[in-house]
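Written below as C-alpha cells is the structure these notes are about.
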C-alpha cells in the first residue's frame, strides 16, 4: 500500500502522474474510469486498479495503472501509515512461513 502525490494532470487524455513520497517511484494513471477526477497537485491519493504493460501505452515509460477507484488521503500521518504497513508486511510474511511449514 502506498500513498501517492499527484505531480501532473492531462485532462484531455485522462492521465495523471503520481509519485510515491517514500521511494520517488512515478506511476502513470489512466483516470478515464474515475472521471471526473479532480486531483489536486501535491495532494495525497490512493488508487485501486490494474497495472498495464508498457506495450499497451507506447508513449509511457515505467508503470501504468488503469484506475478503478481512488481516495484522497490528505492529512494522513505518513510516518504512522508506513510503520503500520511495514508491521502488516512482517505479520503476513510470518503467516506465509507458518503455512508453508505445515
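Read-outs: derived from the displayed coordinates by stated rules, not from any lab. Fair warning: this is a prediction, and the values are worked out from it, not measured in the lab. Neighbour counts run over all protein chains shown; Cβ positions are idealised from the backbone, glycine included.
What's the extension gain from residue 32 to residue 76 if we count 0.36 nm per residue and subtract their Cα-Cα distance?
13.2 nm
When DSSP assigns beta bridges and you keep just the ones with both residues in the range 4-74, what percent turn out antiparallel, to the nearest 5?
So the antiparallel bridges in the range 4-74 amount to around 85 percent.
Express the relative contact order of the chain as a whole percentage, based on alpha carbon pairs under 8 Å and six or more residues apart in sequence.
With pairs under 8 Å counted, the relative contact order is 23 percent.
By per-residue mean of other Cβ atoms within 10 Å, what is the highest-first order of 71-83, 25-37?
Per-residue Cβ counts within 10 Å, averaged per peptide and sorted highest first, yield 25-37, 71-83.
Can you give the angle from 0 to 90° between the axis of helix 78-101 and the longest principal axis of the chain, with both taken from C-alpha atoms, to the nearest 10?
Rounded to the nearest ten degrees, it is 50.
Let's test the formula: R0 of 35 Å, r as the Cβ-Cβ distance of residue 86 and residue 11. What FRET efficiency results, to the nearest 0.05?
Efficiency, from the Cβ-Cβ distance: 0.45.
Between residue 68 and residue 40, with labels modelled 7 Å along Cα→Cβ, what's the label distance in nm to one decimal, could you check?
Once both label points are built, they end up 2.9 nm from each other.
With 15 Å as the cut-off, how large is the P(r) tail for the range 4-74, expressed as percent of Cα-Cα pairs?
Beyond 15 Å sits 47 percent of the P(r) for the range 4-74.
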